[in-house]
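Just below is one structure, and these are the notes that go with it.
The values are calculated or read from the model by the stated rules, or taken from the named source; none is laboratory data. A quick note: this is a predicted structure, and the numbers were derived from the prediction, not measured. Cβ placement follows ideal geometry from the backbone for every residue including glycine, while neighbour counts extend to all protein chains displayed. For accessibility, only protein heavy atoms count, side chains too; no ligands or nucleic acids. Shrake-Rupley method; radii C 1.70, N 1.55, O 1.52, S 1.80 Å.
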Amino acid sequence: MSFDIANDTLLGIKDLCEKLGISKSTLNRIRRNDIPNQTPFPQPTVWLGHGDSPRWSSKVINVWIHNQAQSHRERKFAQENHARMGNAENCNEPIDF
């Protein structure tokens with residue numbers, strides 16, 4: 001995805017932390033993909049300065065947030081179905097009186 005400065009903004013680490021409501025250390029864990037069942041975090045759109053200041057397109061981050069939420073909903077739905085199926089299987093077992 002190319003960056004269009006007229007229709008997008010660049011977010012730095014501090015901006016991302018504020019947007020996501022997380023600490024810098026948590027952002028670093030997310031960037032390293034150290035969190036299970038996480039949609040991979042996007043690579044920086046550009047690096048400013050001497051390559052030590054990453055910036056991400058706000059549109060790319062919004063897509064990542066949407067995908068994270070979708071993935072979370074799908075996992076939750078699968079867990080609920082698994083739990084229901086487990087309970088349904090238990091209902092078919094004979095009961096001793």
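Expressed as a whole percent, the proportion of Cα-Cα pairs in the chain lying more than 24 Å apart is 41%.
Mind listing which trypsin sites (Lys or Arg not before Pro) in segment 1-50 are in a DSSP loop and have 11 or fewer other Cβ atoms within 10 Å? Those that pass, being in a loop and sparsely packed, are ARG32. Residues considered: ASP52, ASP15, ASP34. Largest GNM mean-square fluctuation over the chain, using C-alpha springs under 10 Å, is found at ASP52.
Cα-based radius of gyration for segment 36-83, normalised by 2.2 N^0.38 Å, reads 1.59. Within the same chain, lysines fewer than 8 places from LYS14 are excluded, and of the rest, those with a Cα less than 20 Å from its Cα are LYS24, LYS59. With N as its number of residues, segment 1-55 has a Cα radius of gyration that, divided by 2.2 N^0.38 Å, comes to 1.20. For SER25, SER2, SER71, the ranking by accessible surface with the largest value first comes to SER2, SER25, SER71, using a 1.4 Å probe.
Accessible surface computed residue by residue for the chain, with neighbouring protein chains in place and a 1.4 Å probe, gives 75 Å² per residue.
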